[in-house]
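Read the structure below first, then the notes.
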Amino acid sequence: MIHRFYITSILKSALFHVPILVIYMKDVVNSPLHVAFLLSAKTIATMFFEIPTGFVADRAGRKTSVLIGLGLTVISLILFVSHTAFPILVLAQVLFGIAETFDSGAYTALLHDNLEASGEGERFDETLRGLSFWSSVSLFTAFIVGSFAYDSHFAIPFVASAAAAILAVLVLLFIDEKPHAQEKHPGEAGSPKSLLRRILGESKTHMGFLMASNTVGAVFYAAYLLMIPLLFEGSGLPIAHFGWVFAIGVLSFGYGAKLSGNLSSSMPFLKFTSPLAAAGLFAALAYTPTVFVVVPLFFAMRILWGAYSVTLGIELNKRIKDSTTRATVLSVASAIEGGLATVLMIALGAFMRATSLHATGLLIAALFCAASASFTLVSDRSAAP
């Protein structure tokens, strides 16, 4: 069973079109403002649909939810290459964002409960780290292949991504969804109202942990999207090399996820050290923005982020006691991180405009320190055993 999860993850992560997406949009719409709007359309769709689709996954089935997500991904990719009208491209981006939300939470919940039902629950931590690593290898490979394929024909990366998603559907069909190892709710197990009440209860129980842990993740995400490209540019790294560096960064993230299994103290260690180490990296980047410093420290940041991210996922899954709410609670976590990251990017952009890149780097370092302190000091009554 586990090997099918590995194959599905590798295929789902084979997004050949991602490294050339912005270039393709720019060539088609010929307006930076329209490109920004297209990118925002996906982000907004993800934020709005993250929690509702988690509820659907818990209600209709995690496997069904992932299949819907893959189907929407294929439709989105077909729209990208078959129509160039701006409204159609907006629709394609919105569908791609919604597709991500159907997969978010549901796939991890499917893996967790299948392993528990098969008596292999102790393999969840190791398997999730392995899936993260091989997904990163797949994405790294797709980045490189997609960049070269785009030079031959603009449609090849999109078609290749769609083909990989279709293959993922075929493999996923051979994965049986096991029953949840759920708590008993006599007389109301199938009630949508009861499910919603239990979801709210689980989310409230873990809200301190969700807010503190995902604040750290949001700082990582905001710094990655906004600050890193500007640091690359300021360091003198040729734009033509950005794709290679980001691709190796993806691989570094996967290596960090794999490496986290060797850290004996796991989350108690990483929740303190990862953001503090990242703070040190950004302080160094702010003071010495040369290409020979920026690029290696970027890889180090991605390793830290990978180790933190997968360990956080493992820890949160351990804390969720009622598996009937698992996908939705995981979606709540994703929504919190995405919302906080969006607010942070806007705030950092405004701060950078008023000050400088150097000052913004120091501010990010301070934010990592504050997030680390918050996560370390937060009192969570539902601590995992």
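Throughout, read-outs are computed from the coordinates displayed, never taken from laboratory work. Predicted model, so just to flag it, every value in this text is computed and none were measured. In this analysis, Cβ positions are derived from the backbone assuming ideal geometry, glycine residues included, and neighbour counts consider all displayed protein chains.
Here are a few things to note about the model shown:
- Contact order normalised by residue count of the chain, Cα under 8 Å, 6+ apart, percent: 26 percent
- Highest-first packing order for the peptide set 40-47, 137-144 is 137-144, 40-47, based on the mean count of other beta carbon atoms within 10 Å.
- Projecting the Cα atoms of ILE7, THR127, THR84 onto the dipole axis of the chain, where Lys and Arg carry +1 and Asp and Glu carry -1 at the beta carbon, places THR127 farthest toward the positive end.
- Label-point gap, in nm, between PHE37 and HIS241 - each point 7 angstrom along Cα→Cβ: 3.7 nm
- 3J(HN,Hα) along the range 10-22: 4, 5, 4, 8, 7, 9, 5, 7, 4, x, 10, 4, 5 Hz, from the Karplus curve 6.51 cos²θ - 1.76 cosθ + 1.60 with θ = phi - 60°, whole Hz, x for Gly and Pro.
- If you wrap the range 2-176 in the convex hull of its Cα atoms and look at it from every side, the mean projected area works out to 9.8 nm².
- When peptides 68-78, 114-124, 298-308, 241-251 are sorted by average Cβ neighbour count within 10 Å, with the highest value leading, the order is 298-308, 68-78, 241-251, 114-124.
- Computed extension length for THR288-ALA350: 20.0 nm, one decimal, from 0.36 nm per residue of separation with the Cα-Cα distance subtracted.
- Candidate cross-link partners of LYS42 among the aspartates and glutamates, defined by an alpha-carbon separation under 20 Å and a same-chain spacing of 8 or more, comprise ASP27, GLU50, GLU100, ASP103, GLU337.
- Peptides 360-371, 285-296, 210-221 ordered by packing proxy, namely the average of other Cβ atoms within 10 Å per residue, highest first: 210-221, 360-371, 285-296.
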